[in-house]
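What follows draws every value from the coordinates through simple rules; no lab data is involved. Everything numeric here is computed off the predicted structure, so don't read it as measured data. Glycine gets a Cβ as well: all are built from the backbone with ideal geometry, and neighbour counts include every protein chain shown.
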Amino acid sequence: FRLVHPDGRTYLFEIVGYWRPEYLRKKFAQVRKADRTDLILAVSERLNLEKAGVKMQDVPANTIWFKNELLPKAVLALLD
């Protein structure tokens, strides 16, 4: 998704929910390679990122963690 702040700033927003380990490795490798400061990832706490070999400390994106549902307030708070 593309989010646009009222002041004109734009962000790329992606929800990472239930996926296979291969997909997670590929997705987070792409995020690291892109090295974008305008990227926001909403990541499910239920994903076993460690098992997939993903180290979040190496991911340059802004991250929102969610468990059962993603709260819009959490996304809006990150935009301000």
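Between ASP38 and ASN68, what is the FRET efficiency for a Förster distance of 25 Å, r being their Cβ-Cβ separation, to the nearest 0.05? Walk me through the numbers before you get to the answer.
Values: r = 27 Å, r/R0 = 1.09.
Taking R0 as 25 Å, the efficiency between ASP38 and ASN68 is 0.40.
With only alpha-carbon atoms in the gyration tensor, what are the semi-axes of the equivalent ellipsoid for the chain, in Å, largest first? List each step's numbers first, then the result.
Details: eigenvalues 99, 46, 17 Å².
Those come to 22, 15, 9 Å.
Divide by every residue of the chain the summed helix terms, -39500 (n - 2.57) for each DSSP H run of at least 4, and state the resulting mean residue ellipticity at 222 nm, rounded to the nearest 500 deg cm²/dmol.
Values: 3 runs with 26 residues, N = 80.
Only helices count here, giving -9000 deg cm²/dmol.
For the chain, what number of Lys pairs, 8 or more residues apart or on separate chains, have alpha-carbon atoms under 17 Å from each other? List each step's numbers first, then the result.
Values: LYS26/LYS51; LYS26/LYS55; LYS27/LYS51; LYS27/LYS55; LYS33/LYS55.
Final tally of qualifying lysine pairs is 5.
Using DSSP, restrict attention to beta bridges with both residues in the chain and report what percent are antiparallel, rounded to the nearest 5.
25
Return one number: the angle in degrees, 0 to 90 and rounded to the nearest 10, between the long axis of the Cα atoms of helix 21-34 and the longest principal axis of the Cα atoms of the chain.
The two axes meet at around 50 degrees.
Find out how many positive minus negative residues lie around GLU69, taking Lys and Arg as positive, Asp and Glu as negative, among other residues whose Cβ is under 15 Å from that of GLU69.
Working: positive: ARG46, LYS67, LYS73; negative: GLU45.
That works out to +2.
Please report ASP38, ASP58, ASP7 as a ranked list, fewest other C-beta atoms within 10 angstrom at the top and most at the bottom. Walk me through the numbers before you get to the answer.
On the way: ASP38 13, ASP58 10, ASP7 7.
Ascending number of Cβ neighbours within 10 Å: ASP7, ASP58, ASP38.
Can you compute the modelled spin-label distance between GLU45 and ASP7, with each label point 7 Å from Cα toward Cβ, in nm?
3.0
Quick one: putting +1 on the C-beta of Lys and Arg, -1 on the C-beta of Asp and Glu, what dipole do you get for the chain around its Cα centre, in Debye to the nearest 20?
Details: 14 positive and 10 negative charges, 69 e Å.
The dipole of the chain has a size of about 340 debye.
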